[in-house]
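The values are calculated or read from the model by the stated rules, or taken from the named source; none is laboratory data. What you see is a predicted model; the values in this text were computed from it and never measured. Quick reminder, even Gly has a Cβ in these numbers, built from the backbone with ideal geometry, and neighbours come from all protein chains shown.
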């Protein structure tokens, strides 16, 4: 189930909201149970149904993660535990979560590369055992892992399994983020406000995010798909397609994140902002402070700092930056092009750190600094979008005039230079270039903003029924 389909918009969401607000919330007589206990149980059930819509069997996997890490957290939170026992409990949780990722997300990748290596060495190879990929496993395992790590670092564990399950399975952020730490939601699980202004703000954000996905991301996605599927596009076509994908992944993922924020507000939750005008960045370092903020924070807190951060010398700092981004690329997908994408960003981050957190083009005027940073980002996105490394290199060759235009390039021109495509690309450029973002638009609730967002939602609904392909890109990660 996705946010931009009829079953969610006209059945699941109204039903979940309606029942949620009909359920009571009050403190128990002994004061130990959350006043939102019943409502949290309902949200947990809704989260499992939402996730089961993709593949019912994978709910068991998520349940197992919930149960295992909940009890690991309780064990870690016991008083007078020896350091050795605490480490064992921590590593058991890490092994379980990373083991699930290794099997379900990277199992086929490891088999394919081992098979290729054996064939290179003269071995006949072996049959690849295909493993189904559970949608959103990278997100909910990161949620659960961060909880256990925080308990190990001194946070108090949650006593209510219903509250912990609600945190992991909260459907607005379940399969595509933002990636949350438990302490962000812990107080809200026990005490949150249901105000008209907050609910209205959530509705506005959901409508705006919906419009971003349907009216911007999906149309430019058709341009990107056409160019990346072409055998040998011209230089102009290749850059146009790469720029279209740059816009597509931003409005697709940011649209989802904005809808998630809006849904959270409807249920009284304040989730964290995931994007902050990243394509206005003047360096790659700044880009990663603005892009996928929750993932950047998670990698910094649970990987970069434990590796030593910048406290073990310059050489170690550069190595840590590169390694974290390589692993960040691998987190996105079990393919070499994602690792290359992470390596590009990691290399630039290390270079900018070496130059005092400034790019070598830092002396240029601001608009040129943004343009150079954007160019680096666009080139890196080619690896992210390509089917494999040779496909990415072929696309880059076309972008830099090293390819040979196909005889069918005229047909591709007819596909990508239509007036509606030019208009939507222009709108995308306008929206990413100005500082006032959708998040700010939804923070203030006025009748005019509600009318604008609702109008965009209605237009988006009309277009949704005419779009044959309507996935969220980050569901595959």
Would it be correct to say that residue 220 is within 27 Å of residue 403 (Cβ to Cβ) and surrounded by 24 or more Cβ atoms within 10 Å (Cβ to Cβ)?
yes
Please count how many residues of the stretch 296-318 are touching a helix residue (DSSP H, G or I) at 6+ places or on another chain (Cβ under 7 Å), part of a helix (DSSP H, G or I) and touching a residue at least 24 places away in the same chain (Cβ under 8 Å).
6
Any hit, the stretch 273-284, residues being under 13 Å from the mean Cα position of the chain (by Cα) and surrounded by fewer than 24 Cβ atoms within 10 Å (Cβ to Cβ)
yes
Of the residues in the stretch 402-429 that are at pLDDT below 90 and assigned to a helix (DSSP H, G or I), the one that is nearest to residue 375 (Cα to Cα) is 416
Is it true that some residue in the stretch 121-131 is touching a residue at least 24 places away in the same chain (Cβ under 8 Å) and within 23 Å of residue 173 (Cα to Cα)?
no
Considering only residues that are loosely packed, with under 15 Cβ neighbours inside 10 Å and within 22 Å of residue 163 (Cβ to Cβ), look in the stretch 72-90 and name the one that is modelled with the lowest pLDDT.
79
Filter the stretch 13-30 down to residues that are surrounded by 11 or more Cβ atoms within 10 Å (Cβ to Cβ) and in contact with a helix residue (DSSP H, G or I) (Cβ under 7 Å, 6 or more places away or on another chain) and give me whichever is modelled with the lowest pLDDT.
25
Out of the stretch 172-191, which residues are closer than 24 Å to residue 291 by Cβ and not in a loop (DSSP other than H, G, I, E, B)?
172, 173, 182, 183, 184, 185
